[in-house]
Amino acid sequence: MVWLTRMDLRETFTTNLRRLRNAKGLSQDDLVYKAEVSRSYLSQLEKGAFYVSLKVIGRLADALSIEPVALLERKKRKKT
């Protein structure tokens, strides 16, 4: 049986944002430019200090060339 991790949604978002940005080879500054958000705001998002709006999720997804859901998908793990 597969269970979702107990990670909260904000932590899931911050983990996915960092992972996907790094996977695309983008610095925070690169993503700031492409997503048209401020450097300090992106930094705070990646730290989990701020909640993100749907509008910004869309901008980040567009800048990363991914579907918005990829930023919110929880990783599944097998229960042992």
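The values are calculated or read from the model by the stated rules, or taken from the named source; none is laboratory data. Everything numeric in this text was worked out from a predicted model, so none of it was measured. Please note: Cβ atoms are built from the backbone with ideal geometry, for glycine as well, and neighbour counts cover all protein chains shown. Areas reflect the complete protein model, heavy atoms only, side chains present, ligands, DNA and RNA absent. Shrake-Rupley method; radii C 1.70, N 1.55, O 1.52, S 1.80 Å.
Measuring with a 1.4 angstrom probe and ignoring ligands and nucleic acids, Lys76 comes out at about 150 Å² accessible. Two numbers describe the Cα atoms of the chain: Rg and Dmax, which are 13.0, 43 Å. Here the chain has 53 percent of its accessible surface on carbon and sulfur atoms, given a 1.4 Å probe and all protein chains in place. Taking 0.36 nm per residue of separation and subtracting the current Cα-Cα distance, fully stretching the chain between Glu67 and Leu9 would add 19.2 nm. Shown are Glu36, Glu46, Glu73, whose ranking by accessible area with a 1.4 Å probe and every protein chain present, most to least, is Glu36, Glu73, Glu46. Tally Lys/Arg at +1 and Asp/Glu at -1 over every other residue whose Cβ is under 13 Å from the Cβ of Phe13; what's the total? Spelling it out: positives minus negatives among the neighbours equals +3. A 1.4 Å probe run over segment 36-80, with the rest of the protein chains in place, finds 71 Å² accessible per residue.
Its Cα centre serving as origin, the chain has a Cβ charge dipole (Lys and Arg +1, Asp and Glu -1) of approximately 500 debye.
For Gly48, what charge total do you get from the other residues with a beta carbon under 13 Å from its beta carbon, if Lys and Arg give +1 and Asp and Glu give -1? Result for the neighbourhood of Gly48: 0.
Just add up the charged neighbours of Leu64: K/R +1, D/E -1, any other residue whose Cβ is under 11 Å from the Cβ of Leu64. Neighbour charge sum, excluding Leu64 itself: +2. Based on DSSP H segments of at least four residues, each scored -39500 (n - 2.57), the chain has a per-residue ellipticity at 222 nm of -16000 deg cm²/dmol.
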